[in-house]
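Working notes for the structure below.
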Amino acid sequence: MNYQLKSISRAGIAEALAKVELYRYLNEPEESESICRDILAVDPQQQLALRLLGLSITDQFTGGVSDRCREAEEAFERLADRYEQSYYSGLLHERRAKAQLRAGQLPHVVYPLLERALQCFAAAEKIRPTANDDAILRWNRCVRLLQTPSLTWEEQLASFEAEDAPPR
C-alpha cells in the first residue's frame with residue numbers, strides 16, 4: 001500500500017494551530033508535531049507553527065540519544081525574530097538538561113546545557129520586547145535548578161574534575 005500525505009488548506013491553518021496547542025496541553029506532542037508539519041508543508045515560514053514544532057519536539061525529550069535536539073534547533077533557527085531565536089534556543093537547552101537529569105545523567109553532563117541555556121536567555125533579555133520578562137523567568141528557573149541542594153553541583157563537578165586531572 002502506498003498512502004500519500006494530504007495537504008491542508010491555507011484557510012485551515014488557524015484552526016490547525018489551535019489543535020496544535022490543544023494537543024500540547026493534552027500532553028500529546030507527537031500529534032501536535034504532525035499538525036505543525038502539515039501547516040509548514042503549506043506555509044514553510046509560518047512562525048507560530050515553527051515555534052510550536054520546536055516545542056513539540058522538546059516535549060518529547062527523554063534525555064536519551066533519540067532526542068531530536070537538532071530538529072528542534074533548526075525549527076527555532078528559522079524564526080524571523082532574533083529575540084525568539086535566542087529565547088527558544090535557551091528553552092531547548094533547558095528542556096534538554098531537565099530531560100537528561102530525569103534520565104539519571106550526572107550534573108557534569110547537564111551543567112553545560114544549563115550554562116548554554118543561561119547564555120541564550122541573557123541574549124534574549126537584552127533584546128526582549130517591552131514588559132516581556134519571559135527570558136528572566138527562565139533564567140531564574142535555571143539558576144534555581146543549578147542551586148538545588150540535592151544536586152550538589154559544585155561537589156560533583158569538583159569530584160569529576162579531580163578524576164580528569166592528570167596524575168602528579
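Coordinate-derived values only; no laboratory data. It should be emphasised that the depicted structure is a prediction, and the values quoted were computed from it without experimental measurement. Neighbour counts run over all protein chains shown; Cβ positions are idealised from the backbone, glycine included.
For the range 94-116 and the range 30-52, what is the centre-to-centre distance using only Cα atoms, to the nearest Å?
27 Å
Select from Ser89, Leu113, Leu79 the residue farthest towards the positive end of the dipole of the chain; place +1 on Cβ of Lys and Arg, -1 on Cβ of Asp and Glu, and compute about the Cα centre.
Leu79
Report the net charge of residues surrounding Tyr25, where surrounding means a beta-carbon distance below 15 angstrom and charges are Lys +1, Arg +1, Asp -1, Glu -1.
Working: positive: Lys19, Arg24; negative: Glu21, Glu28, Glu30, Glu31, Glu33, Asp59.
Here the count lands on -4.
In the range 9-60, if the dipole is taken from +1 on Lys/Arg beta carbons and -1 on Asp/Glu beta carbons about the Cα centre, which of Ile57, Gln45, Ile13 is farthest to the positive end?
Highest projection toward the positive end goes to Gln45.
Count charges around Leu5 for me, please; just the other residues with Cβ under 11 Å from its Cβ, Lys/Arg as +1, Asp/Glu as -1.
Numbers: positive: Lys6, Arg37; negative: Asp38.
Within the 11 Å Cβ shell, the charges total +1.
Does the chain come out rounded, prolate or oblate by the C-alpha gyration tensor, with a ≥ b ≥ c the root eigenvalues, rounded set by a/c under 1.5 and, if not, prolate when a/b is larger than b/c and oblate if not? Could the numbers behind the result be given before it?
Details: a/c = 2.64, a/b = 1.79, b/c = 1.48.
In terms of gyration-tensor shape, prolate.
Given a cut-off of under 8 Å on Cα pairs at least six residues apart, what relative contact order in percent is computed for the chain?
Details: 196 pairs, mean separation 24.6, N = 168.
It comes to 15 percent, rounded to a whole number.
Below 12 angstrom from the Cβ of Glu15, what's the summed charge of the other residues (Lys, Arg +1; Asp, Glu -1)?
Working: positive: Arg10, Lys19; negative: Glu21, Asp38.
Residues near Glu15 contribute 0 overall.
Run down the lysines and flag those whose C-alpha is under 21 Å from the C-alpha of Lys6, throwing out any fewer than 8 positions away in its chain.
Answer for Lys6, where 21 Å is the Cα cut-off: Lys19, listed by chain and number.
Pop a pseudo-label 7 angstrom from the Cα along the beta-carbon direction at both Lys126 and Gln147 and give the gap in nm to one decimal.
Each label point lies 7 Å from its Cα, and together they span 2.4 nm.
Looking at the chain as a GNM with Cα springs under 10 Å, which of Ala117, Ala11, Ala75 has the largest mean-square fluctuation?
For the chain, modelled as a Gaussian network with Cα springs under 10 Å, the answer is Ala11.
Using a Gaussian network model of the chain whose springs link C-alpha atoms within less than 10 Å, name the residue from Ala99, Ala124, Ala18 with the highest mean-square fluctuation.
Ala18
About the Cα centre, and with charges only on the beta carbon of Lys, Arg (+1) and Asp, Glu (-1), how big is the dipole of the range 26-139? Nearest 20 debye, please. Spell out each step's value before the answer.
Numbers: 14 positive and 19 negative charges, 91 e Å.
That gives a dipole near 440 debye.
If I build a Gaussian network model for the chain, linking alpha-carbon pairs within less than 10 angstrom, which residue out of Leu55, Leu145, Leu137 has the largest mean-square fluctuation?
Fluctuation is largest for Leu137.
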